[in-house]
Amino acid sequence: MKKTILLLILALAMAGCGSGGKLPPSHLTWTWDEDQSCITGENIWAGFSETKEGFQAEKPISSFALWRKTPPGKITLVYVNKSRFPVKLAINGAVVASLPFSSKYRRFVLSTPLLQKGINIIGFLRRNRKKLVVKELCLSQGKGENFVLEKGEGLIIPVDGGGIKFSLRGRGKARVSVHYGQGFSKLRETGINNPLRILPSRVSFSSHEPYLVEIRVSSGGLRPGDFKFSSGKENKNPPGTNLRFRKPYPNIFIFLIDACQASHLSLYGYPRKTSPNIDKLGEESLVFENAYTNAAFTRATVASIFSGLFPEHHKVRVLRAALDSRLLLLPEFLKTKGYTTSIFTASANVSATFGFSQGIDQFFGYYGRWNNRTSQRMARDFLRWIARKKGPKFSYIHFMEPHFPIIPPHPFKNMFKKNPPKIPVMKRMRQKIKSTEKFSPQEVQDIIDDYDSTIAYIDSILGRIWEGMRKMGVFENSMIIFLSDHGEALYEHGAFGHGPIVYEEMTHIPLVVKLPAYIKMKGRIKALVQPTDIFPTVASLFGVELALDGRSLLEAALQRIQGDEIAVARNFLNPGAYGIRWRKYYYIINMRGFKEELYTVKGYPARSYPYENQAVTLYLRGQFLKWLKKYQNLSMVERKISFKKLSRKELENLRSLGYIK
């Protein structure tokens, strides 16, 4: 087969990346001169390895990609599944069938309208590691005429918005249900009764909001076909893209506090006054009420801040992962604009070893065993650095508070406790975790009190820095970004910490953006945003559009209300668990066991509550699988670092914070 493969990688040389320039998109593009009918080793998309027996699945989600100039109508495969659990077959993100246990090669044929012109992703979802081998997989020509829904069978079609038209041919009865409106709470049903085969029944629906179409056959057999989709209106020039920095360019500073729940800041409605200085910053800034991390793991989130890419794209997803040196990072971009750059970090997760020194002039790592005096030293050194340097400056400042172990210093220690316990809180917490006993309500409250005290402590450090910047005259026209990398579990679901799980308290983060005074934007914003959006925001303010995964926060700020965007956060395991926020819903899917949970998010401060709605669950499952398909197999290769390459102080730092033993 004659074919052409085109690989476009984000160029570090930044050719053509001046004002108004564009970088090539960092993704893999394939083009073939003719249809691909049957799989070869070149069609492996993810998770399969080629063996003598055929193609063996190595991962819970494994897939092939086949390109077609013309849409096929039928898929034929020969497989072995030695698991007692059926393997789910997905076509272009939609689960269409289950492949039952078979110790011998078994043939499976399905006609479906879901196969399309262009790239078709054929996915296999397994619940365990038992052997799955695909010997043959072929797509054949057709328009889906033989795709028949029999009595009791159904088809669910998630639609992002716009119109859908299709026909049902054959003899039988069916009910077509459309779930739409806020939370899919509205329902429009149409009964289909085709006693004769002569004329097809035609169905159409349109909405600017997402909706679900469900076809359920009650008797006979009906063939869905003639599908036509019309998209909603697109805004080609999103609001906020015409805002620009003036010369001389402003300083850009990112202040990150580690493991801070948004709901424990008074800025986000917490009844305790934990963050008076952050509150004051919020008065003259954009406060994003619905910011969600990209990952419940420091290194992955900071990699997203620096690269503007999702973890599935930049591949920093597990404890040993590091940034690929081919990626363009925010400090490198700012170097082309004449900036002096620095990093001040108390976390060894953000170190030169893991790739964060690209584009950095001075790297200050405060490693070794962590203690609460480190933040005071960092603040002092940062202000001295500002005073010494001339011209526009960029710095990323990463404080460890309120990350466990929480040890608030005086006078913050016990500031929220009426009766301080005799045994230190962290010592008692470690003892309790080792014993596997449940924590009493008072023990949980003691930990929360210290957590809040630690937030108040780091808030005082930030206040001291910002006051120092005011005295130097560099505060007003600087761009200041304040956020956390992820939240922290405080026993809301029977656990402390973060990393393996992605409940809402671990993924909802504070995000505050103060723009230079001449860009008069401030207020509270409800649109969904993520750390991935920081790099595109900065680039857009220079008038540069880059091929990144995030969008400008200024676009979200002018949108103000929450739209139909989704925010996806993952854990640090592979395969991962993911939390997805959409509208008022928070959906969790764990790829290890395919467990799903659905919550509503409400109140101020925001809290999540268990909720049941099959239509919402189905829609978010479809949206997530579409998102995963888009980002997980882009061109970056996962780069892993041996812990032997870390310095003694880096290892000591990670050990004291609980990342390694």
Lone qualifier among F404, F399, F394, F439 - being farther than 23 Å from K280 by Cα and under 31 Å from the mean Cα position of the chain (by Cα): F404
Residue satisfying condition, being touching a Leu at 6+ places or on another chain (Cβ under 8 Å) and either open to solvent by 20 Å² or more (accessible area, probe 1.4 Å) or within 18 Å of K649 (Cα to Cα) (or both), within set F404, F364, F394, F416: F404
Residues (out of contact with any Pro (no Cβ under 9 Å at 6 or more places or on another chain), in a loop (DSSP other than H, G, I, E, B) and among the aliphatic types (A, V, I, L, M)) located in region 241-282: L243
Conditions (1) of a type in the set (D, E, K, R); (2) touching a residue at least 24 places away in the same chain (Cβ under 8 Å); (3) more than 20 Å from L383 (Cβ to Cβ); number of the one not met by E492: (2)
Region 170-190, residues that are assigned to a strand (DSSP E or B) and under 25 Å from G622 (Cβ atoms): A174, R175, V176, S177, V178, H179, Y180, K186, L187, R188, E189, T190
Residue in region 31-45 that is in contact with a Ser or Thr (Cβ under 8 Å, 6 or more places away or on another chain), more than 22 Å from R129 (Cβ to Cβ), at pLDDT below 90 and exposed (fewer than 14 other Cβ atoms within 10 Å of the Cβ) present: yes
Checking E488 against (1) modelled with pLDDT under 95; (2) surrounded by fewer than 21 Cβ atoms within 10 Å (Cβ to Cβ); (3) within 24 Å of G463 (Cα to Cα), the condition it does not meet: (2)
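Residues checked against (1) part of a strand (DSSP E or B); (2) within 17 Å of S62 (Cβ to Cβ):
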{"position": "L77", "(1), (2)": "yes, yes"}
{"position": "S83", "(1), (2)": "no, yes"}
{"position": "L89", "(1), (2)": "yes, yes"}
{"position": "L114", "(1), (2)": "no, no"}
{"position": "G123", "(1), (2)": "yes, yes"}
So V96, is it among the β-branched types (V, I, T), closer than 21 Å to F229 by Cβ and open to solvent by 10 Å² or more (accessible area, probe 1.4 Å): yes
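Surrounded by fewer than 17 Cβ atoms within 10 Å (Cβ to Cβ), over 21 Å from the mean Cα position of the chain (by Cα) and at pLDDT below 70: does that describe K649?
On the way: surrounded by fewer than 17 Cβ atoms within 10 Å (Cβ to Cβ): yes; over 21 Å from the mean Cα position of the chain (by Cα): yes; at pLDDT below 70: no.
Against the criterion (surrounded by fewer than 17 Cβ atoms within 10 Å (Cβ to Cβ), over 21 Å from the mean Cα position of the chain (by Cα) and at pLDDT below 70), K649 does not qualify.
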Region 588-613 - residue that is open to solvent by 60 Å² or more (accessible area, probe 1.4 Å) and under 28 Å from S62 (Cα atoms) and, of those, modelled with the lowest pLDDT: R592
Selection from region 256-278 of residues that are crowded, with 24+ Cβ neighbours inside 10 Å, within 22 Å of the chain's Cα centre (by Cα) and small (G, A, S): A259, A262
Odd one out for K247, checked against (1) out of contact with any strand residue (DSSP E or B) (no Cβ under 9 Å at 6 or more places or on another chain); (2) open to solvent by less than 20 Å² (accessible area, probe 1.4 Å); (3) at pLDDT 80 or above: (2)
Near pairs, Cβ below 9 angstrom, 6+ apart or cross-chain, from region 283-308 (under 15 Å from S347 (Cβ atoms) and part of a loop (DSSP other than H, G, I, E, B)) to any residue that is open to solvent by less than 10 Å² (accessible area, probe 1.4 Å) and basic (K, R): A296/R570; F297/R570
Near pairs, Cβ below 8 angstrom, 6+ apart or cross-chain, from region 331-351 (on the phi < 0 side of the Ramachandran plot and buried (at least 21 other Cβ atoms within 10 Å of the Cβ)) to any residue that is polar (S, T, N, Q) and assigned to a helix (DSSP H, G or I): A346/T374; A346/S375; A346/N653; S347/T298; S347/N653; A348/N653; N349/T298; V350/T298
Residue check, N81 surrounded by 17 or more Cβ atoms within 10 Å (Cβ to Cβ), polar (S, T, N, Q) and on the phi > 0 side of the Ramachandran plot: no
Hits in region 128-151 - residues which are at pLDDT 80 or above, open to solvent by less than 90 Å² (accessible area, probe 1.4 Å) and assigned to a loop (DSSP other than H, G, I, E, B): N128, K131
Every pair of residues 6+ apart whose Cβ atoms lie under 8 Å, when the first sits in region 511-537 and is within 16 Å of S307 (Cβ to Cβ) while the second is acidic (D, E) and open to solvent by 10 Å² or more (accessible area, probe 1.4 Å): T532/D549
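Scan R551, R524 and give me the residue that is touching a helix residue (DSSP H, G or I) at 6+ places or on another chain (Cβ under 9 Å) and assigned to a strand (DSSP E or B). If you could, list the steps in order and put the result at the bottom.
Details: R551 fails: assigned to a strand (DSSP E or B).
Answer to the check: R524.
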Matching residues in region 367-378 - criterion: being surrounded by 20 or more Cβ atoms within 10 Å (Cβ to Cβ) and among the small types (G, A, S): S375
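What number of residues in region 193-221 are in a strand (DSSP E or B) and either surrounded by fewer than 18 Cβ atoms within 10 Å (Cβ to Cβ) or of a type outside the set (V, I, T) (or both)? Reasoning before the result, please.
Here is the first cut: in region 193-221, the ones in a strand (DSSP E or B) are 193-194, 201-207, 211-221.
Next, from what is left, pick out any that are either surrounded by fewer than 18 Cβ atoms within 10 Å (Cβ to Cβ) or of a type outside the set (V, I, T) (or both): 193-194, 201-202, 204-207, 211-212, 214, 216, 218-221.
Qualifying residue count, region 193-221: 16.
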Unmet requirement for S460, which otherwise passes all of (1) farther than 27 Å from Y631 by Cα; (2) polar (S, T, N, Q); (3) buried (at least 24 other Cβ atoms within 10 Å of the Cβ): (3)
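Results for (1) among the aromatic types (F, W, Y); (2) touching a helix residue (DSSP H, G or I) at 6+ places or on another chain (Cβ under 6 Å); (3) at positive phi, shown as yes or no for each residue.
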position	(1), (2), (3)
V444	no, no, no
I480	no, no, no
D485	no, yes, no
H498	no, yes, no
Y503	yes, no, no
Matching residues in region 46-72 - criterion: being surrounded by fewer than 19 Cβ atoms within 10 Å (Cβ to Cβ) and either assigned to a strand (DSSP E or B) or in contact with a His (Cβ under 6 Å, 6 or more places away or on another chain) (or both): A46, S49, E50, Q56, W67
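Pick from I501, I519: which is open to solvent by 30 Å² or more (accessible area, probe 1.4 Å), among the aliphatic types (A, V, I, L, M) and not in a helix (DSSP H, G or I)? Step through it out loud before you land on a result.
Working: I519 fails: open to solvent by 30 Å² or more (accessible area, probe 1.4 Å).
Answer to the check: I501.
The values are calculated or read from the model by the stated rules, or taken from the named source; none is laboratory data. Just so it is clear, the structure is predicted and the values come from calculations on it, not from any experiment. Neighbour counts are summed over all protein chains in view; Cβ atoms, including those assigned to glycine, are modelled from backbone coordinates with ideal geometry. Remember, those area values only see protein heavy atoms, side chains included, never the ligands or the DNA or RNA. Shrake-Rupley method; radii C 1.70, N 1.55, O 1.52, S 1.80 Å.
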